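Peer 1: Structure incoming, see below.
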Amino acid sequence: MKETLLKNLEKTRGNDIFPSLELKEEIVNAFFPESTSSLTQNLSNVTGAFYGLLLKDIGETYGHDKMDNHSKRLFYELGKLKTIQAFGVHPKLEKDTRAFAAVVIYALYNSSPEYNFKIIKYTPNNTIIELTGVDRYLRILTELGIEKHITIPTLLPFVEGIKEIVNINCEIEYTFEITDQNFNIKSVYNIKQL
């Protein structure tokens, strides 16, 4: 599996230069991801770590009361960015409640292997999407001992960012539940056009 992944990443990893074939084999065997799944999971872990470590530094430098606003703003701007990117990839995407599910799915496919989704309702006026899986942000916040300073779920401002770009009059209802001690969650987002 590792060799297949290495071959598939030839465009980026093919430019790496080692002084010997023996060293290359040693390094690849020791550090190269075993599979696409492990590669994406490692990237996701790094994303979560960046988020948590930056918030921890903000708290230590400027005060814990500043952390939540930075977290919300980050996710809000990320929601806007991912919406713009989704419309760039799929220009025919409808600007109604269905766009919310489409953008969330776009983000999950591209950067959140921990989550699974279930589309419960998908109409122009009402879309409901359920997310389940490990919440990497809640996990890192808890590991760093700063979760009490952050509004959970962190994804809510992301959905608000989608709303700004889609630009429809709607309300967003949600539920959020931590289902076990390993940071598995179940969250449902219900977007209703007004």
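Peer 1: For the range 69-170, run through the trypsin sites (Lys or Arg not before Pro) and keep only the ones in DSSP coil with at most 16 other Cβ atoms within 10 Å of their Cβ.
Peer 2: Those satisfying the criteria are K92, K95.
Peer 1: Could you work out how far helix 21-31 tilts from the main Cα principal axis of the chain, as a 0 to 90 degree angle to the nearest 10?
Peer 2: 30
Peer 1: Connecting C-alpha atoms closer than 10 Å in a GNM of the chain, tell me which of E60, E114, E25 has the biggest fluctuation.
Peer 2: E25
Peer 1: Suppose the chain between N125 and H64 were pulled fully straight at 0.36 nm per residue; how much longer would it get relative to their current alpha carbon spacing?
Peer 2: Full-extension gain reported as 18.0 nm.
Peer 1: Whole angstrom only: what separates the Cα centroid of the range 6-79 from the Cα centroid of the range 117-194?
Peer 2: If you average the Cα positions of each part, the centres end up 23 Å apart.
Peer 1: Okay, moving on. Report the relative contact order of the chain, percent, no decimals, based on alpha-carbon pairs under 8 angstrom and at least 6 residues apart.
Peer 2: 23
Peer 1: Roughly how many debye, to the nearest 20, is the charge dipole of the range 35-194 about its Cα centre, given +1 on each Lys and Arg Cβ, -1 on each Asp and Glu Cβ, and no other charges?
Peer 2: Here the range 35-194 has a charge dipole of around 440 debye.
Peer 1: Now for a separate question. Just want the answer: with Cβ charges of +1 for Lys and Arg and -1 for Asp and Glu, which residue in S38, L23, A49 is farthest toward the dipole's positive end in the range 1-54?
Peer 2: Final value for the positive-end residue is A49.
Peer 1: Would the range 75-194 count as rounded, prolate or oblate if I go by the C-alpha gyration tensor, calling it rounded below 1.5 in a/c and otherwise prolate when a/b exceeds b/c, oblate otherwise?
Peer 2: Note, shape of the range 75-194 comes out prolate.
Peer 1: Hey, got the dipole for the range 52-121? About the Cα centre, +1 on K and R Cβ, -1 on D and E Cβ, debye to the nearest 20?
Peer 2: About 380 debye.
Peer 1: Tell me, rounded to the nearest percent, the portion of alpha carbon pairs in the range 1-141 spaced more than 26 Å apart.
Peer 2: Looking at the range 1-141, the distances longer than 26 Å represent 45 percent of pairs.
Peer 1: Continuing with the same structure: Leaving out ligands, DNA and RNA but keeping every protein chain, what accessible area does I119 have, in Å² rounded to the nearest 10, with a 1.4 Å probe?
Peer 2: 70
Peer 1: Quote the FRET efficiency, to the nearest 0.05, computed for I168 versus L9 with a Förster distance R0 of 41 Å and r equal to the Cβ-Cβ distance.
Peer 2: That gives a FRET efficiency of 0.55.
Peer 1: Something else now. Report the residue, chosen from L21, L155, L144, that carries the largest GNM mean-square fluctuation when the chain is represented by alpha-carbon nodes joined by springs under 10 Å.
Peer 2: Between L21, L155, L144, it is L21 that shows the largest mean-square fluctuation.
Peer 1: What is the count of Lys pairs in the range 31-144 whose alpha carbons sit under 26 Å apart, if the two are 8 or more places apart or on different chains?
Peer 2: For the range 31-144, the number of qualifying lysine pairs is 22.
Peer 1: Tell me, what % of the accessible area of the range 1-101 is carbon and sulfur with a 1.4 angstrom probe?
Peer 2: 58
Peer 1: Would you please state which residues of the range 163-178 a label at Q193 would reach in this model, taking the label point 7 Å out along Cα→Cβ and a backbone N cut-off of under 16 Å?
Peer 2: Residues 163-172 qualify, since their backbone N sits under 16 Å from the label point.
Peer 1: Quick one: how many Å² of I168 are accessible to a 1.4 Å probe, rounded to 10?
Peer 2: I168 exposes around 20 Å² with every protein chain in place.
Peer 1: Let me ask you something else. Once fully extended, how much extra length lies between D180 and I105, figured as 0.36 nm per residue of separation less the alpha-carbon to alpha-carbon distance?
Peer 2: Full-extension gain reported as 24.6 nm.
Peer 1: Taking only protein heavy atoms into account and a 1.4 Å probe, give the accessible area per residue of the range 38-194 in Å².
Peer 2: Value for the range 38-194: 53 Å² per residue.
Peer 1: Taking the Cβ of I120 as the centre, find all other residues whose Cβ is under 15 Å away and add up their charges (Lys, Arg: +1; Asp, Glu: -1).
Peer 2: Local net charge: +3.
Peer 1: Comparing F31, F75, F50, which has the greatest mean-square fluctuation in the GNM of the chain with Cα pairs linked when under 10 Å apart?
Peer 2: Largest GNM mean-square fluctuation: F31.
Peer 1: Say each of L43 and K148 gets a label point 7 Å from the Cα, pointing the same way as Cα to Cβ; how far apart are those two points in nm?
Peer 2: The two pseudo-label positions are separated by 3.6 nm.
Peer 1: If I histogram all Cα-Cα distances within the range 1-64 using bins 5 Å wide from 0, what percent of pairs lands in each bin?
Peer 2: 4, 15, 17, 18, 12, 10, 9, 7, 6, 2, 0
The values are calculated or read from the model by the stated rules, or taken from the named source; none is laboratory data. None of the values given here were measured: they were computed from a predicted structure. Note: ideal-geometry Cβ built from the backbone for every residue, glycine included; neighbour counts use all protein chains shown. When the accessible area is computed, the model is the full protein with side chains, heavy atoms only, and any ligands, DNA or RNA have been set aside. Shrake-Rupley method; radii C 1.70, N 1.55, O 1.52, S 1.80 Å.
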